Structures are given as structure tokens and as C-alpha cells.
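Undergrad: Here's a structure for you.
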């Protein structure tokens, strides 16, 4: 179960009230946002949250939604694209929660890790099982266990 404070942090990584139109306070509200389809701007916000460089932002965005598809979309992502976006935001929010420093979290998220086959936690988060692996590594770090 994700603590309420972390759900709110996920909402903030997705753009908070400005992009989502409300402050996400529960898992139910977050799920509702994903099922309705997140605004396209939420994906841009997640990418910008991790990468200051526009080229890196686009690279991760196009891995969630192909560039041509993204450009054709009017305002909202599909529920599947929204789920991938939320998954990235969840992993980013957890890293920032643990390190309490966006730059330190970014270094962790973009560094290859042996326990996920040399992938970066951000790359792993593109799939549900990969996100679970990244979250497991971060939970062990949080609780002082070998990671």
C-alpha cells in the first residue's frame, strides 16, 4: 500500500492541481485520473521533473508514447499511456521521497543498477514488473537493507 503522503507526491510529479485540475489525495483519486486519461502535460511534467535537458525529456516521453502518436493526441493520453506515465511518476516520487533531493534522486534514477539487469530504474519503470523492481531496491535503501 502506498502511503497517502506518497500518493500526493505522485500527484505533484504528475503536475499537481495545475495540470490534473485537483490535488490527488487518495489512491482512488489517482486511479480515477489514470482511467479517465491523464492530460498530455502530465507526461511532459514527469519528464521535466527528471531531466533538465529537453532532448532527454523527449527521449523518455517517446518511450511512453511514440512521438507521432503524442503529437496527434489532442488533450489526453489513453488509459494505457496514462498508466505508464503514472508508473514513471510513482518511481520518481519514491526516489525523491527517499533522497529528499531532486538531483540525488535523478542520479539514482538514471544510473544503471545491477539488480535490474544493468538498466536504469527509470528505464525499468517503463514496465510494471520493472517498476516493482526499482521500488523494491528503493524500499531496501530506505530501510537500510543491502540494495
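Undergrad: So which of 132, 102, 58, 140 ends up being in contact (Cβ under 8 Å) with a residue 24 or more places away in the chain and either more than 20 Å from residue 36 (Cβ to Cβ) or surrounded by 15 or more Cβ atoms within 10 Å (Cβ to Cβ) (or both)?
TA: Unique residue meeting the criteria: 102.
Residue-wise test of (1) within 21 Å of residue 124 (Cα to Cα); (2) modelled with pLDDT of 95 or more; (3) assigned to a helix (DSSP H, G or I); (4) touching a strand residue (DSSP E or B) at 6+ places or on another chain (Cβ under 9 Å).
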residue: 5; (1), (2), (3), (4): no, no, yes, no
residue: 8; (1), (2), (3), (4): no, no, yes, no
residue: 19; (1), (2), (3), (4): no, yes, yes, yes
residue: 34; (1), (2), (3), (4): yes, yes, yes, no
residue: 46; (1), (2), (3), (4): yes, yes, yes, no
residue: 61; (1), (2), (3), (4): yes, yes, yes, no
residue: 81; (1), (2), (3), (4): yes, yes, yes, no
residue: 84; (1), (2), (3), (4): yes, yes, yes, no
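Undergrad: Among the candidates 74, 107, which residue alone is surrounded by fewer than 15 Cβ atoms within 10 Å (Cβ to Cβ), more than 13 Å from the chain's Cα centre (by Cα) and in a loop (DSSP other than H, G, I, E, B)?
TA: Unique residue meeting the criteria: 74.
Undergrad: Scan the stretch 118-129 for residues that are out of contact with any helix residue (DSSP H, G or I) (no Cβ under 8 Å at 6 or more places or on another chain) and either buried (at least 19 other Cβ atoms within 10 Å of the Cβ) or in a helix (DSSP H, G or I) (or both) and jot them down.
TA: Answer for the stretch 118-129, where residues must be out of contact with any helix residue (DSSP H, G or I) (no Cβ under 8 Å at 6 or more places or on another chain) and either buried (at least 19 other Cβ atoms within 10 Å of the Cβ) or in a helix (DSSP H, G or I) (or both): just 129.
The values are calculated or read from the model by the stated rules, or taken from the named source; none is laboratory data. If you're wondering where the values come from, they're calculated on a predicted model, not measured in any experiment. We place every Cβ from the backbone using ideal geometry, glycine too, and count neighbours over all the protein chains shown.
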